[in-house]
Amino acid sequence: SEEMNSPDYRRNPVDRCYYCKSELYAKLRAIADKLGFAHIMNGINRDDMGDYRPGITAATESKVLSPLRDAGLSKAEIRDLSKELGLSTWEKPAMACLSSRIPYNRPITPEKLGMIEQAEDFLISLGFKQVRVRHHGEIARIELAKEDILRFFENGLSDRVQKRFKEIGFKYIAADIEGYRAGSMNETISKG
């Protein structure tokens, strides 16, 4: 898709996901029409309904079907069923788009996305499975699964991460002691 061509997406408002998903669903609709497919489906599930998800509005407007949500399945239930079916992806960590690592109302650029991707790939290469690197300008805020936070500070790992992240372009590196949590950038949105 070509979401980077959208000024609404690049300016990164709190409904950024709406613009990205609208672009994606328009592209998918064109492909589906060309191939003669009547429907487009996504992987939204019951758990996604409890968080701020402007992309769901784009899905509704584009008449995208959400069979996992409609079946009332949670992420855990989908993993259990996937494991039972022998699917290799049953324990694959959730991976939201990289733009979700940039605080709202700070512009999205290919350079920032590249820094995030390199940083997360490095952490994964060190054996961390559930990672997020939040881009706060000169600061990389690392979120790891709670059980991995102590390991991050053992055997010189944090020194290796600091060195690599500085090579990537971050000046400061911080480990978030709250650990990984889906949608942590949404914590800044006023719910009132």
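The values are calculated or read from the model by the stated rules, or taken from the named source; none is laboratory data. For clarity, every value in this text was computed on a predicted model and none was experimentally measured. Cβ placement follows ideal geometry from the backbone for every residue including glycine, while neighbour counts extend to all protein chains displayed. Ligands, DNA and RNA are stripped out before the accessible areas are found, and what is left, the full protein with its side chains, is counted by its heavy atoms. Shrake-Rupley method; radii C 1.70, N 1.55, O 1.52, S 1.80 Å.
Can you name every residue in the stretch 39-68 that is in contact with a helix residue (DSSP H, G or I) (Cβ under 8 Å, 6 or more places away or on another chain), of a type outside the set (A, V, I, L, M), surrounded by 13 or more Cβ atoms within 10 Å (Cβ to Cβ) and in a helix (DSSP H, G or I)?
Passing the criteria: Arg46, Asp47, Asp48, Pro54, Gly55, Thr57.
Does Arg181 count as surrounded by fewer than 16 Cβ atoms within 10 Å (Cβ to Cβ) and within 15 Å of the chain's Cα centre (by Cα)?
Considered against the rule, which asks whether it is surrounded by fewer than 16 Cβ atoms within 10 Å (Cβ to Cβ) and within 15 Å of the chain's Cα centre (by Cα), Arg181 comes out as yes.
Select from the stretch 159-178 the residues that are out of contact with any strand residue (DSSP E or B) (no Cβ under 6 Å at 6 or more places or on another chain) and at pLDDT below 95 and write down the one among them that is most open to solvent (accessible area, probe 1.4 Å). It would help to see each step written out before you state the result.
We begin by selecting, within the stretch 159-178, every residue out of contact with any strand residue (DSSP E or B) (no Cβ under 6 Å at 6 or more places or on another chain); these are 159-161, 163-164, 166-169, 171, 177-178.
This time we only want the ones that are at pLDDT below 95, so: 177-178.
Numbers: Ile177: 143, Glu178: 105 Å².
Result: Ile177.
One line per residue, one yes/no per condition, for (1) in a helix (DSSP H, G or I); (2) of a type in the set (Gly, Ala, Ser); (3) surrounded by 15 or more Cβ atoms within 10 Å (Cβ to Cβ):
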{"site": "Val14", "(1), (2), (3)": "no, no, yes"}
{"site": "Cys17", "(1), (2), (3)": "yes, no, yes"}
{"site": "Ala26", "(1), (2), (3)": "yes, yes, no"}
{"site": "Ala30", "(1), (2), (3)": "yes, yes, no"}
{"site": "Asp33", "(1), (2), (3)": "yes, no, no"}
{"site": "Phe37", "(1), (2), (3)": "no, no, no"}
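Scan the stretch 54-67 and report the pairs whose first residue is under 14 Å from Arg16 (Cβ atoms) and whose second residue is of a type in the set (Lys, Arg) and open to solvent by 60 Å² or more (accessible area, probe 1.4 Å), with Cβ atoms within less than 9 Å and a gap of 6+ or a chain change.
Final answer for the pair search is Pro54/Lys21; Gly55/Lys21; Ile56/Lys21; Ile56/Arg69; Thr57/Lys21; Ala58/Lys21.
Any residue in the stretch 17-45 that's within 19 Å of Ala96 (Cβ to Cβ): show its pairings with residues that are surrounded by 13 or more Cβ atoms within 10 Å (Cβ to Cβ) and aromatic (Phe, Trp, Tyr) at Cβ separation under 6 Å, as long as the two are six or more apart or on different chains.
Final answer for the pair search is Tyr19/Tyr9; Cys20/Tyr9.
Determine the pairs where a residue that is without any contact (Cβ under 8 Å) to a residue 60 or more places away in the chain, located within the stretch 80-106, has a partner that is open to solvent by less than 100 Å² (accessible area, probe 1.4 Å) and outside any loop (DSSP other than H, G, I, E, B) with Cβ atoms under 7 Å apart, the partner being 6 or more residues away or on another chain.
Thr89/Ser82; Trp90/Arg79; Trp90/Ser82; Glu91/Arg79; Leu98/Leu113; Leu98/Ile116; Leu98/Glu117
Does the stretch 69-104 hold any residues that are hydroxyl-bearing (Ser, Thr, Tyr) and surrounded by fewer than 13 Cβ atoms within 10 Å (Cβ to Cβ), and which are they?
Those that are hydroxyl-bearing (Ser, Thr, Tyr) and surrounded by fewer than 13 Cβ atoms within 10 Å (Cβ to Cβ): Ser88, Thr89.
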